[in-house]
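Report on the following structure.
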Amino acid sequence: MNIDIRQLKAFLAVTDEHSFTKAADKLHITQPTLSVIIKDLELALGVKLFDRTTRSVTPTATGLHLTSHARRLIKDLDRTVSEVQSFSSLERGNIKLAALPSIASSLAPKALASLNQLYPNIDITLKDCAADDVIKAIEEGEVDLGITVLTPELYKKYDVTPLLHDELLIVFPVTHPLANETSVTWDALLRDTLILMRTGTSVREVMDQHRAVNAHSLNALIEVAYMSSAIALVEAGLGVTILPSLGLTALPSSLTSCTLNAPTMTREIGLVQRKDRWTPPAVEVFKRLIIDTSRST
């Protein structure tokens, strides 16, 4: 059975007008063309849809049954087309993002605020999670776009847009002997207890890539998944920690931070998408906004 929307619209026009001539005028087609369309529809369904007299055309019982269903189908189709067009015009839309916590609390809010001001009807879902979970969300199609630390493997597998470089800093209490230093070496940390970010986080990935640091016998006390946990543990006097500068915009007054060197460590932050996925217009707009935001940071 092959029935199309054109046939259903023609059927409804005849039903409403009770006349092939008037229905043909309404549809801007000739009466013979309309007659062929209705005949093809009746053949496809295997039923008679209209009773015809010299004065009027009325639906059969089967035709009346089809009428309500045809109207609903046409209404649903028109609504779907309208919704798709509104998504394309950015009158509506949705964005699903996954981002590192340091990005979700710094770059992302600024870009999302700009997006909301421009297009208030776009729905936004932001998942803040560790680097490995960002990639998992992208891979499983849970999100349209991820913002995470870039690695050579990601460049090979995904569509990648670099945004910025973010330096790792040492965070310790203001009472720490090194608190007044502008730069601290890794060797100087050998005497400190270290609060480490867990394996799978972007900070840990960067640290693990540096053999010079791995060669040191770091005195690691606790591993955590969230920067807020690391900061709280340092504030409680349990040690010092290594965190990205983007995540340190609002340190407690009892803590301070400074640059690490020998070696200095940075992480490259960027946008990551699957190569096989279509990018919705709303996501394209957000990409432009987050790029502009990163350039002004």
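Among the candidates VAL234, VAL224, single out the residue that is of a type outside the set (Asp, Glu), surrounded by fewer than 19 Cβ atoms within 10 Å (Cβ to Cβ) and in contact (Cβ under 8 Å) with a residue 12 or more places away in the chain.
VAL224
So that you can scan it fast, the table gives a plain yes or no per residue for (1) in contact with a Leu (Cβ under 8 Å, 6 or more places away or on another chain); (2) modelled with pLDDT of 90 or more; (3) closer than 30 Å to SER229 by Cα:
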{"residue": "THR15", "(1), (2), (3)": "no, yes, no"}
{"residue": "HIS18", "(1), (2), (3)": "no, yes, no"}
{"residue": "LEU49", "(1), (2), (3)": "yes, yes, no"}
{"residue": "LEU64", "(1), (2), (3)": "no, yes, no"}
{"residue": "ARG71", "(1), (2), (3)": "yes, yes, no"}
{"residue": "SER86", "(1), (2), (3)": "no, no, no"}
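Working only within region 274-286, note down all residues that are at pLDDT 90 or above and surrounded by fewer than 19 Cβ atoms within 10 Å (Cβ to Cβ). Full working, then the answer.
Residues of region 274-286 that are at pLDDT 90 or above, as a first pass: 274-275, 286.
Of everything in region 274-286, those that are at pLDDT 90 or above and surrounded by fewer than 19 Cβ atoms within 10 Å (Cβ to Cβ) turn out to be ARG274, LYS275.
Within region 110-136, residues that are farther than 14 Å from VAL283 by Cβ and in the same structural domain as VAL283 (by TED's automatic domain parsing) sit with their Cβ atoms under 6 Å from residues that are aliphatic (A, V, I, L, M) and assigned to a helix (DSSP H, G or I), at 6+ positions apart or across chains, in these pairs: SER114/LEU289; ASP128/ALA104.
Per the listing THR279, THR266, THR259, the residue uniquely β-branched (Val, Ile, Thr), more than 25 Å from the chain's Cα centre (by Cα) and farther than 21 Å from ALA130 by Cβ is THR259. Within region 233-286, the residues that satisfy the criterion of being closer than 30 Å to LEU118 by Cα, among the aliphatic types (A, V, I, L, M) and in a loop (DSSP other than H, G, I, E, B) are LEU248, ALA250.
Tallying residues that are closer than 16 Å to ALA99 by Cβ, of a type in the set (A, V, I, L, M) and touching a helix residue (DSSP H, G or I) at 6+ places or on another chain (Cβ under 8 Å) within region 125-172 yields 12.
The values are calculated or read from the model by the stated rules, or taken from the named source; none is laboratory data. These numbers were taken from a predicted model, which means no experiment stands behind them. Note that each Cβ is placed from the backbone with ideal geometry, even for glycine, and that neighbours are counted across all protein chains shown.
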